[in-house]
1. Per DSSP H run of n ≥ 4, the term is -39500 (n - 2.57); total these for chain A, divide by its residue number, and report the mean residue ellipticity at 222 nm rounded to 500 deg cm²/dmol.
2. Over the heavy atoms of A:ILE861, what accessible area does a 1.4 Å probe trace out, to the nearest 10 Å²?
3. Give, in nm to one decimal, the length gained when the segment between A:TRP753 and A:THR449 is fully stretched (0.36 nm per residue of separation minus the Cα-Cα distance).
4. Rounded if a/c is under 1.5, else prolate if a/b beats b/c, else oblate: with a ≥ b ≥ c from the C-alpha gyration tensor eigenvalues square-rooted, which is segment A:902-1003?
5. Heads up, I need the accessible area for B:TRP58: 1.4 angstrom probe, whole protein in place, Å², nearest 10.
6. Calculate, axis by axis, the spread of Cα positions in segment A:554-676 along the three principal axes, and write the results as whole Å, longest axis first.
7. Which one of A:CYS258, A:PRO688, A:PHE298 is farthest out on the positive end of the charge dipole of the protein assembly as shown, using unit charges on Cβ (Lys, Arg +1; Asp, Glu -1) and the Cα centre as origin?
8. Please compute the contact order of chain A in relative form: average sequence separation of alpha-carbon pairs under 8 Å and at least six residues apart, divided by the residue count, as a percent.
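The values are calculated or read from the model by the stated rules, or taken from the named source; none is laboratory data. Note that the structure is a prediction, hence the values are computed from the model and not measured. No Cβ is skipped: glycine too gets one built from the backbone with ideal geometry, and neighbour counts run over all protein chains shown. These area figures cover heavy atoms from the full protein model, side chains too; ligands, DNA and RNA do not enter into them. Shrake-Rupley method; radii C 1.70, N 1.55, O 1.52, S 1.80 Å.
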Amino acid sequence: MTAFRIPGKGRIDHARPVRFTFDGRVVEGRAGDTVASALLANGIHLMGRSFKYHRPRGAVTAGSEEPNALIRTARGRGRAEPNTRATMQEIHESLAAESQNRWPALAFDVGAINDGLYMLFSAGFYYKTFMWPRSFWDRVYEPLIRRAAGLGRAPTDPDPDLYASRNLHCDVLVVGGGPAGLAAALAAARTGAEVVLVDEQAEIGGTLLSEPHLVIDGQPAWDWLAAALAELGAMPNVRLMPRTTAIGYYHQNMVGLCQRLTDHLADPPADAPRERLWRVRAGQVVLAQGAIEKPLVFDGNDRPGVMLSGAAQTFLHRFGVRVGRRAVVVTTHDSAWHTAFDLAAAGVRIAAIVDLRPGVDGALTARAAALGIEGLTGHTVTDTRGRLRVSGVRVNPVADGRVGPGRIVPCDALLMCGGWTPSLHLFSHTRGTLAWDEASGAFLPDRKTEACQIAGAGRGLWGVAAALEDGAKAGAEAAAAIGRATAPGTFAVQGDRPGTGLVVRELPTDADPGRAKAFVDFQNDVTAKDIRLAVREGMRSIEHVKRYTTTGMATDQGKLSNINGLMIAADALDRPAPEVGLTTFRPPYTPTSFGALAGYRRDGHFEVTRKTPIDPWAEAQGAVFEPVALWRRARYFPRPGEDMDAAVARECRAVRTGVGMFDASTLGKIEVVGPDAVTFLERMYTNPWAKLGVGRCRYGLLLGEDGFIRDDGVIGRLAPDRFHVTTTTGGAARVLSVMEDYLQTEWPDLDVWLTSTSEQWAVVAVQGPKARALLAPFVQGLDLSEAAFPHMSVAECTVAGFPARLFRVSFTGELGFEVNVPARHGRALWETLWQAGQAHGIAAYGTEAMHLLRAEKGFIIVGQDTDGTVTPQDAGLSWAIGKAKPDFVGKRSLVRPDIVAPGRKQLVGLLTEDPDVVLEEGAQIVADPRQPVPMRMIGHVTSSYRSGALGRSIALALVEGGHGRMGETLHVPMPGKTHAVRVTGVTFYDPEGARLKGEEVPA
Amino acid sequence: MLLIHCPYCDETLPEAEFAYAGEAHIARPADPMALSDEEWRDFLFIRSNPRGTHYERWRHVHGCGRFFNAVRDTVSDRFVTTYRAGEPRPDLSASTGAAR
């Protein structure tokens, strides 16, 4: 047992020692300790260094609002987290904790030189210091800032932990398990309502855990608490959730909860999630989050050993830890007097209670006198002594606004209390408004926007009796609001400590306030003089003061500093605090791990990977895949020793000289059926459809109303009232949605049905001069000859025994077929054709070869050769527009002034002067490479390949006025060299289209 | 996450089931070619973007698939009401402002 641990006291298990490491040193605590309480039990106050000045810091709180005691926690590879609050992390035998922001050691930190250079680091110093010379930015300032910036150190290994998420619906969600929350939960639960009670601490009870002297309804507080929890726990309609933080309050009573499941366990089950994110939809929400104690602002208020009085009380009663041997209390609120009395009773010598108020409740001063404690009312604190731990405090009398001479009071702990701030962060998330209450000197909830109740200290009611009564009332009101009326219970509380206090700005001092390091925001090292400087330099809005000084912008989000910062800013602005106002609280309430937010959606579950029926075959063949929209598609099929270029060249050669197979199953497919199907397509697509015969198909071009190309594909007519529409792989869902939109909202009179069939059909493209020779033996019920089934035909037939829709189409320029069979037969069809194709020297080809083959023919890929600003004219597709049609989607836009104006970017071909140079896709194009930089860019390369068939490189590009530049030489600057290119048409290979007929089937 | 009432399913369901689809009550002109460039520009691009009551389209994309109209307050993000496509703008004078 250590000198600071009181045997038998607190809620920890004194019989169970727990060892962990802090900066490599083994520290022994007790089961139930936090890192902070265990360190304090060992007399260790120094837990970290501050962010800017690297000043030594210790725990200032005992809860989630802790700004100083931020540690790195780790347990093995990848399991590390920076900026863990030592006051929240429970200890266990596997825990390795490290202090942060220090080098080489916590007690001796080189960065602390910043503390001596504080004049350089005043408010807005980033804006002022790193302005000039400009050349210093890259080499000096940025590296310096990057090294110095940031709190802690993020792990670099992947996080091996699991994170879960769940949805939950309940009648009443109670946030906060203190007396108000417990009373609310009891009141609501006793009506039979489904109640969820969450509390961020390991143990539910809130302030009751720190006030064991209370007697509630004749029971000691902890017995009453145990009975209340037992009653709630036994009810099937109640869910108690400790270690669970309500991180955000969203629309329509949805509250996000983060439940910590394993960080407190030495040996968590391997399959247990570390955290679970809950999305709770509650009929009513009761906010019973209590209040957060405010620090006082005075020179040296940040030394280790200076902490909030309520924190000292919690360490004493919950953890059985004395925070020092000899303490001074400085306060403007009654509550700290009670802390002093409790500490004195536990054997801490209270050297003095310093209270700025000239007079306080006589009962308090009398009690202090009886305990032999010097009560210094009308006094201030003006300085502290000590380096790594407070060793003394300078105390001065204040009378009529004048600060008298000071004296040093030696101490090893200084406990401060500037009153209490209602915790209304979640309420503010709902855009509920706050109103300043002069009586309590706090912002209190005003106008509500959600179905919620606020209870207890959260609305400025001090004392456990008031909290219990108010909580019960809120619980009853919540229950009544969902139709379960009840009468709130009453409570008899003995030993309650309701108190009052005074809201102040910086404590008065006799020293030069310009030299004082009186901290407002501990974590961001913002002092009172920084805030006053910001106001002097012209910041008028509290939002500007916040951003200029960074007060309230640290990971604690101003939980301790906001009101102090406001009071000081209001004083400097000479305006009342409510007029200056608060900055907006936003979720999350406390720092939340990315793991919890990501949940299951990581790695393979980050998004869906769609696979075709033929995908397993491609995988077995060793295909290299690429993602296309959500699909994974075979990019190429390398043989041993082949790189991508070699594989693609071989695959293309097979298609151009023999036959190739391609898995086109990812094509979007929409079945358009109904008496008005043809009318519908006439209106949707640019092309004419009315005269398209049954058994024929046609290239279709889809625009937006703005006239720009949205999608394209082949559409086949299977019957007068039935069309098989194909779309781009990535555009399928979008096209169907657009079609539905027009059908439902613009033309509801049309009798048409739209059905997505993308995944119902597997599609095998067979392309090449030998395609017919390969396919014909497997086709039944259809004559494949050129005369009977010419290019752009479609028919229903049987292929290899499977019912099929057979298209005679070509995206390669060769004789080609696309065989659609029900998806379940896709792989069997593929393997049948693959086996038969061996005799023809067949090759499977992937998306890379497909792209190259179509580029040789100048076929566009929507989204690669177009970018949402390309019209049919720009793309050279005017032929696809039904000129006689009175209207189609986008038609009117094709005669808009800017669409018909000269100088639009148009799709052209580019041939490099050096045939071996393959341009970079995305490379910019200039007319004159000798013009000064920045050059005028007149277009960019959209597609670029090395063409085996042509024995040279080819490219497609969008170029200003490109259609009028045929034969011109333009220039493409690329890394190292600018390449000259000649503008050509887009069809590089077989411009006559002679190859579409392929070879006749040998008789 | 908002809860949205689908007027076709007659169910109030999470926002994740729905997709926003722009301002409502902007009908496609019957004969676009008869419009002046300015009129066509207004149809294409000009939207009311109000602070407050906004008539807008949503699609129950992961449900019935139907497009419908909604009235939403763009300041509070609260739905006032939803109604079927093709129905006229609802009379809001009797509305309590609460989502259905």
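1. Working: 24 runs with 210 residues, N = 1003.
Result for chain A, helices only: -6000 deg cm²/dmol.
2. 30
3. Values: separation 304, 0.36 × 304 = 109.44 nm, distance 4.34 nm.
Here the segment from A:TRP753 to A:THR449 would lengthen by 105.1 nm.
4. Numbers: a/c = 3.17, a/b = 1.97, b/c = 1.61.
Prolate, since a/c reaches 1.5 and a/b exceeds b/c.
5. 20
6. Rounded to whole Å, the extents work out to 87, 55, 26 Å.
7. Of A:CYS258, A:PRO688, A:PHE298, it is A:PHE298.
8. Numbers: 2385 pairs, mean separation 89.1, N = 1003.
Normalised by residue count, the contact order of chain A is 9 percent.
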